[in-house]
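Asks: The structure is given below, and queries will be raised subsequently.
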Amino acid sequence: MQSKDHKPSSDQSSQIKIEVSPASTVDFYSDPVKRKLYEVKKQVKSVLEGANIDPHKLNFNFTV
Amino acid sequence: MPFNPGNLALALSNELTSTVKVSEKKHYNYLMDYLGNDGDSLGAKTIVIEYDYISKSYLNDYSNFYSSCFSKYERFCKRVHFFSNSFSQKQFTNAIKQNSLRKSIVWNSYLGYVVVKPLPLLTVGATLLKTYEPTVTHKRYFPSSKEYKVNLFGKELKVNSLGFQEQDSVVGACASSALWSAFQKTSQLFQTPLPSPSDITKSAKNSFQSSGRIYPNGGLDHYQIGNAIEAVGLVSELRNSKKFKDTGIGFIKSFIYAYNKMGLPVLMGIEFPEGGHLITIAGYKEEEPVSFTRTADTVLKASGIERFYAHDDQVGPFSRLSFDTNGDVITSWLIDDPAGPQPKKAKFVSLFIPLYNKIRLTFENIYLKTRLIDFYFSERFETLPVYWDIYLSLSNHYKENIFKSSSFAPQKRYQLLTEPLPKYIWIAKAMVGKECIVEFMFDATQIAASESCIRITIFNDSLRSILLVDLTNQSVIDHFTNELSSKFFTLLSEAAGK
């Protein structure tokens, strides 16, 4: 499908071709995918908690 | 005079600090290397000394402290200029005497200056030196640098740099110097004040953690650094928790890059056996060539950053800094070793980002959204080596890049450039090799609980075709709608051409 957003085909030849087999699909309802998503969200939760300040370390001095 | 070890030591000396003492300083060795003629060094050939120079920053500190000492301290400094061309005193004198429009071997080779304060030992005052030049193989970026105008005997010269100075251990320790450097850039980004080190120390207030007085200053703690940042009208993003450290080196590098790319100086706290030390990160060097493979985790482009460049007041401007595999910081401090001087390591302690209060969304907020978007990519295209470039940007800079780009059809270009945007935006680009396949834009002034995605641009045609089909798959619809939002799904559908 010709892009509406980009210049014509001479510039499109440098794009990578992302391919999937016609029959393939992704099912976010499946249990394996749900389990993976759960792990992802657990990891992200930990990252978000890392943004919280540790108040016990605020009196660390920069003296050197 | 010609640039050489003896003359540099002479230039950096004063009545209270001999050339011998100068040559023992870390700064002397660092400046010899930085300004020297090896590798990427600036290649200085000539030194010009300007006597009886009034340094605004030092004058303020002098007024706050030194002027009331019984011992006499001078208020005039000297300013030591460096040039990459060789010329004689006569040629320099003629360059001033003649107002020639011809290219001058003097003025066109200016590298910057170091102010020498009239103090014992801790003499390196306000310093502006050119950054390392980028090369084809060395992708160096110094987003926190800015253009300074230097007036030398009436001649206006320009230097792209970030102000640096050594602490004087009286009106300020490392933290005050690091904050002074950081505020040099924030004054340009956010029109905030530019206090001197003594004013910074004063504004930090005394939390009596280490001393019962402000001057002489023994250092600042996190509370005081936060106070100093607040005193110039900014807020801080502080990261000091174990959980943040446990996110890993790749995440920490990506965090630093995400803010520094916009120009924000990042204050990094590190710990040596001698004590805590604060430095100001001003730039970074990317590894070339860029090569990432698909993993279960979201791969961040900045995790491949080879090193950062930091103003370390105990070493010099733009000193090299990197992380080892244990997450320790490899600094430019040197320790003696039979095999030769080795870089000294420090423990990572914390990061401060001084920010305008309107920038509300954090890197972690955007990382969360990116992770959920990337989950679709990891499930749909198992082996496609997608990695993510996440950074904060001024929307004006973003539009300037589109204006210079030839990637867009005229009508799309017009739409992107004329659409109103918030002043601060987060960008998350999905990359494969050097190609951006899709870009997500978030309103950085939005609150975390709201949907902050404001634009999605799909660059890759084959991805667009696949998405057009996938966005009719109810499980995919539900993933984007439930994990991100219905607004996000609408934007994605529109971008795909639905």
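The values are calculated or read from the model by the stated rules, or taken from the named source; none is laboratory data. What you are looking at is a predicted structure, and each value in this text was computed from that prediction instead of being measured. Don't worry about glycine lacking a Cβ; one is built from the backbone with ideal geometry, like all the others, and counts go over all protein chains shown. Protein only, heavy atoms only, side chains kept; ligands, DNA and RNA dropped before computing areas. Shrake-Rupley method; radii C 1.70, N 1.55, O 1.52, S 1.80 Å.
Asks: Suppose a student asked you for the relative contact order of chain B, using Cα pairs under 8 Å spaced at least 6 residues apart; what percent would you report?
Replies: Values: 952 pairs, mean separation 50.9, N = 498.
In percent, rounded to a whole number, it is 10.
Asks: Tell me which GluC sites (Glu not before Pro) from the stretch B:214-306 have a DSSP coil assignment and no more than 14 other beta carbons within 10 Å of their own.
Replies: Answer by residue number: B:GLU274, B:GLU287.
Asks: Another one. Checking the cross-link filter: which aspartates and glutamates have an alpha carbon closer than 14 Å to that of B:LYS423, excluding same-chain neighbours under 8 positions apart?
Replies: Cross-link targets: B:GLU400, B:ASP443.
Asks: Just to make sure I understand: if all protein chains stay in place, what is the order of B:HIS81, B:HIS397, A:HIS56 by accessible area at 1.4 Å, largest first?
Replies: The ranking, largest first, comes out as A:HIS56, B:HIS397, B:HIS81.
Asks: Lysine pairs in the stretch B:147-240 8 or more apart or on different chains: how many have alpha carbons under 25 angstrom apart? Before the final figure, lay out the partial values.
Replies: On the way: B:LYS149/B:LYS158; B:LYS149/B:LYS185; B:LYS155/B:LYS185; B:LYS158/B:LYS185; B:LYS185/B:LYS202; B:LYS185/B:LYS205.
Number of lysine pairs found: 6.
Asks: Hey, which lysines would be in cross-link range of B:LYS301, C-alpha to C-alpha under 19 Å, not counting anything within fewer than 8 residues on its own chain?
Replies: Output for B:LYS301: B:LYS139, B:LYS245, B:LYS253, B:LYS261, B:LYS285, B:LYS369, B:LYS429, B:LYS434.
Asks: For B:LYS72 paired with B:ASN326, estimate the spin-label separation in nm (one decimal), with each label point 7 Å from Cα along the Cα-to-Cβ line.
Replies: Reported label-point gap for B:LYS72 and B:ASN326 is 5.3 nm.
Asks: Run the numbers for B:THR383 and B:ILE105: contour at 0.36 nm per residue of separation, minus the present Cα-Cα distance, in nm.
Replies: Between B:THR383 and B:ILE105, full extension yields an extra 94.5 nm.
Asks: Something else about it: With everything on Cα atoms, drop me the angle between helix B:461-470 and the longest principal axis of chain B, reported from 0 to 90° to the nearest 10.
Replies: Once rounded, one gets 50 degrees.
Asks: A further question on this structure: Give the separation of the Cα centroids, the stretch B:1-34 to the stretch B:43-96, in Å.
Replies: Here the two parts' Cα centres lie 14 Å apart.
Asks: So if R0 is 60 Å, what FRET efficiency would B:LYS139 and A:THR25 give, r being the distance between their Cβ atoms, rounded to the nearest 0.05?
Replies: On the way: r = 39 Å, r/R0 = 0.66.
Using R0 = 60 Å, I get an efficiency of 0.95.
Asks: Just to check I understand the Karplus step: with θ = phi - 60° and J = 6.51 cos²θ - 1.76 cosθ + 1.60, what whole-Hz values come out for the stretch B:397-409, glycine and proline as x?
Replies: 5, 4, 5, 4, 5, 5, 4, 7, 7, 10, 7, 10, 5
Asks: With r as the distance between the Cβ atoms of B:ASN401 and B:GLN474 and R0 = 45 Å, compute the FRET efficiency 1/(1 + (r/R0)^6) and round to 0.05.
Replies: 0.75
Asks: In degrees between 0 and 90, to the nearest 10, how far off the longest principal axis of chain B does helix B:486-496 point, with axes built from Cα atoms?
Replies: 90 degrees
Asks: So for the pair B:GLN342, B:LYS90, with labels modelled 7 Å out along Cα→Cβ, what separation do we get in nm?
Replies: Each label point is offset 7 Å from its Cα along the Cβ direction, giving 5.3 nm.
Asks: Taking a cut-off of 26 Å between Cα atoms, list the lysines near B:LYS25, but don't count ones fewer than 8 places away on the same chain.
Replies: Of all the lysines, those that pass the test against B:LYS25 - Cα under 26 Å, at least 8 places apart if same chain - are B:LYS45, B:LYS56, B:LYS72, B:LYS78, B:LYS117, B:LYS130, B:LYS344, B:LYS345, B:LYS347.
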